[in-house]
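Since every read-out is calculated from the coordinates, none of them should be taken as a lab result. Every value quoted in this text rests on a predicted model; they were computed, and no experiment measured them. Here the Cβ positions follow ideal geometry from the backbone for every residue, glycine too, while neighbour counts run over all protein chains shown.
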Amino acid sequence: MVEQTTINLENTIKAAPDVMDALGQVMSALTQLIDALPSLAGMNIVVIVATLFGFLFWLLLSRGRTSKEAPAPDEATPASLALPAPETLAFKNYQVFLESKGLAAKERDAHMRSFSERYREMQQNLRDLVPENLELEPQVEQVRDALDAGDFDRVYAFLTRIGNKEFSDGQEKRNAALKHLLAAAIAKSIVGDLQMSRLDFETAADNYRQAIDALPPYQEDLHAEYLNKYGTASYQAGQHVAAISAFEKALQILQKRLGKNHPDAATAMNNLALMHYSRGNYDAAEPLYKRALVIDEQTLGIDHTGVATDLNNLALLYKKKGDLEGAEPLLKQALKIKEKNFDPGHPSLVTGLRNYASLLRALERNEEADEFERRATVLPPSRTGVLAE
């Protein structure tokens, strides 16, 4: 007991040198004071000082014991890093497994903590595992038991069997479901086509929308096609906001799938531009018309009828904005292309002639306008012939 107290005292003195120095200075001063005082008074002071000194010394001893018995907060082991108690066979068997790997103690501790978290996760996931195949339910229960028992090989075997069976069944059912959905989408789109022919645009739009919803995700070409049909039907039904949204989505799909310079992307741009044009949003329509024109000139050729359509669309936009001088060369170029590709009297050529004549009159070039209006009245050549008997 005495030896233990001496060790504590030494630790205390080492831990508090400043306090001991202060006590020594106090004792030296008191000795000088006692020498200068009468003997009786000196004895009283000695008693008082001895008492105080004993009290201070007791405090130092208490402090040393407290420091020895309770580690500092930063030296304590965090609860989150504490090793899980091997309460189940799973933890005991995992400890045995780690030891068989020849890992160092520190590394085994880290793996035990990690396993503790994964173990709780696996238990929760097994509670959530409900196979569609009812015959597999008893095996799930066996997996839970095997995990708690730490029989990891059985856990692996059971879950692999369950996973393979459910995957196989799921693939089969998914393929069947995709076929059903594709058939439904095609049927709905045909109904939409029929209703468009019957001028029931609202019903047609609804069927195209249902066709889009039914399409499997990998059918991107059909998706763009049905979006364009839905946009057209919605426009005809007066649902311009829905039409714009449909054409925007179709354009995004086509640009991603075919590239930004594909003729089909140009067609989608023209469709979207027409929606903005019909709503009087000319600033939104103009760049789309211009971009479609550039794409078609590069991919179809400058004399293609599609380019003539692009030129005509852009010219009519300029005319609507009051820019007649900007519209005139565009309509003239569109008319030249149509004259190269269509016989006199062809509906597209007749429309081009009348559009150009109308613009010339707006520019007060009436004599020129008369000539183009006259040409628009020319009948197409006779296509009749002697029928073979």
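Summary of values
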quantity	calculated
Label-point separation in nm, Lys106 to Ser358, each point 7 Å along Cα→Cβ	8.7
Dipole of the stretch 79-201, positive end: most advanced residue of Asn133, Met196, Thr88 [Cβ charges, Cα centre]	Met196
Share of pairwise Cα separations in the stretch 131-210, more than 19 Å, in percent	60
All lysines inside 17 Å of Lys179 as judged from Cα atoms, apart from same-chain residues fewer than 8 positions distant	Lys188
Charge context of Asp169, other residues only, Cβ under 12 angstrom, K/R +1, D/E -1	-1
When each of Lys290/Lys321; Lys173/Lys260; Lys290/Lys320; Lys101/Lys165; Lys319/Lys340 is checked by Cα-Cα distance, pairs over 26 Å	Lys173/Lys260; Lys101/Lys165
Contour excess over end-to-end distance, with Cα ends at Asn133 and Ala284 and 0.36 nm allotted per residue	48.8 nm
FRET E, pair Glu220, Leu300, Förster distance 25 Å, beta-carbon r, rounded to 0.05	0.60
Label-to-label distance, nm, for residues given as Ala187 and Lys340 (7 Å Cα→Cβ offset)	4.9
Stretchable slack from Arg365 to Gln252, in nm (0.36 nm times residue separation minus alpha-carbon distance)	36.4 nm
Ser348/Lys165 FRET efficiency (R0 56 Å; Cβ-Cβ; nearest 0.05)	0.35
